[in-house]
Amino acid sequence: MQTEASDLKLGTSDRDHDHDSFLVFDQVKKTYDQKTMVVKDFSLSVKKGEFVTLLGPSGSGKTTVLMMLAGFESVTSGNINLQAQSITRTPPYKRNIGMVFQSYALFPHMTIAENLAYPLKLRKLPQDEVKRKVSDSLAMIEMREFGGRYPAQLSGGQRQRVALARALIFEPDLVLMDEPLGALDKKLREQMQYEITRLHKELGFTVIYVTHDQTEALTMSSRIAVFNHGVVQQCSTPAELYERPKNAFVAGFIGENNFIDGVVLSQSGGRCTVQVVDGEQVHCNASEGLRETAACRLSIRPEKLFIEAAQGGSSDADKSYVGATFITGHYVGDFIRNYFRLANGNEINVKILNDADAPQLQEGERATLSWFNRDCTAFPD
């Protein structure tokens, strides 16, 4: 498996609750050449039963962290504790950790039942217990009748369900999943997201999940650690990440977003006033690092925007307004994606429900876009 090499750092605030944590990374570092730190001061605490996703673009360092936790990569310095015991130097086979890979990693010459039984036989469990656990696992993934088949006779989704069952059958302390749904098509991915989430809730095992798919992370996770250039930008719940991103990267990487160029006029108490195109002023949340008179970028989700009936429509003190020119609309089925251009050249994507009240605009037509001030955040440029 290819590891990702990037500097990685997370603030110490995540170590405040180590005493009640199931898994703890404490200032973990990794270097391959004794010169460049590919993982730097990574600290993270995970409670028992949590589903924590490491999310980021390719090369951001998330897989390196997972491989150190599994024991497939050594830790240069720092410590990894599992259930209050250090596993930093523990061999992989003694860590009692289950793993699910994108490639399924099933033995092609073994039946499904034999694949499931394999980790139990390695642990020298009695034959009757092996048989019972295999039967229970097949029932858990709703594949009782597939025990005698071989992996090549199954669909991709079925093989991934077997891989998941094999990772769980020996009741591991922790389950690691490295892009497990990457090889599946959209429909199968969504089905497997549901299956994994269902089993996680039913069985209560702890998961560390690696993906670059934002929707997958938002759908499945208790918390998400967002990586960029080796640094964890934010580690929060899906709702916190989506609604209150800490910086422009998180805002842009998690879900869809629009960015509008502006200049900070004033700020106070976590709020600010920003001047945008044509002298228009808007009000929004203020992120850390903003300076008055400095350039900034406004962040607003496409579904939080409204298309007013005409430019200069009715005013609401809780909302902000900007004039825009309609470019085109894309029919997506349940919603319509409308594109507008502001006077400064910024293009804005407005996502509205496909219903009878949806505005019908012509190319080049002027309109007013609005949003509630609470739904917009200004970040330093």
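Here segment 217-234 is the region considered, the condition is being more than 17 Å from residue 49 (Cα to Cα) and among the polar types (S, T, N, Q), and the residue that is least open to solvent (accessible area, probe 1.4 Å) is 234.
May I ask you to list the residues in segment 331-372 that are β-branched (Val, Ile, Thr) and either at pLDDT 95 or above or surrounded by 14 or more Cβ atoms within 10 Å (Cβ to Cβ) (or both)? Don't jump to the end; show me each part of the working.
Of segment 331-372, the ones β-branched (Val, Ile, Thr) are 332, 336, 348, 350, 352, 368.
If the condition is that a residue be β-branched (Val, Ile, Thr) and either at pLDDT 95 or above or surrounded by 14 or more Cβ atoms within 10 Å (Cβ to Cβ) (or both), then 336, 348, 350, 352, 368 are the ones that fit.
Contact map, segment 165-194: residues that are over 26 Å from residue 22 (Cα atoms) paired with residues that are open to solvent by 40 Å² or more (accessible area, probe 1.4 Å), Cβ distance under 6 Å, separation 6+ or inter-chain. Pairs shown: 182/102; 183/102.
Taking the stated definitions as given, is residue 375 open to solvent by 30 Å² or more (accessible area, probe 1.4 Å) and under 15 Å from residue 305 (Cα atoms)? Against the criterion (open to solvent by 30 Å² or more (accessible area, probe 1.4 Å) and under 15 Å from residue 305 (Cα atoms)), residue 375 qualifies.
The set of residues in segment 22-38 being more than 20 Å from residue 92 (Cα to Cα) and touching a residue at least 60 places away in the same chain (Cβ under 8 Å) consists of 38 alone.
Yes or no: residue 201 surrounded by fewer than 20 Cβ atoms within 10 Å (Cβ to Cβ), of a type in the set (Lys, Arg) and closer than 17 Å to residue 102 by Cβ?
Working: surrounded by fewer than 20 Cβ atoms within 10 Å (Cβ to Cβ): yes; of a type in the set (Lys, Arg): yes; closer than 17 Å to residue 102 by Cβ: no.
Judged against the criteria, residue 201 is not a match.
The residue that is modelled with the highest pLDDT, among those in segment 51-104 that are small (Gly, Ala, Ser) and under 21 Å from the mean Cα position of the chain (by Cα), is 70.
The values are calculated or read from the model by the stated rules, or taken from the named source; none is laboratory data. All of these numbers come straight from a predicted model, not from anything done at the bench. Cβ atoms come from the backbone with ideal geometry, glycine included; neighbour counts cover every protein chain shown. Protein only, heavy atoms only, side chains kept; ligands, DNA and RNA dropped before computing areas. Shrake-Rupley method; radii C 1.70, N 1.55, O 1.52, S 1.80 Å.
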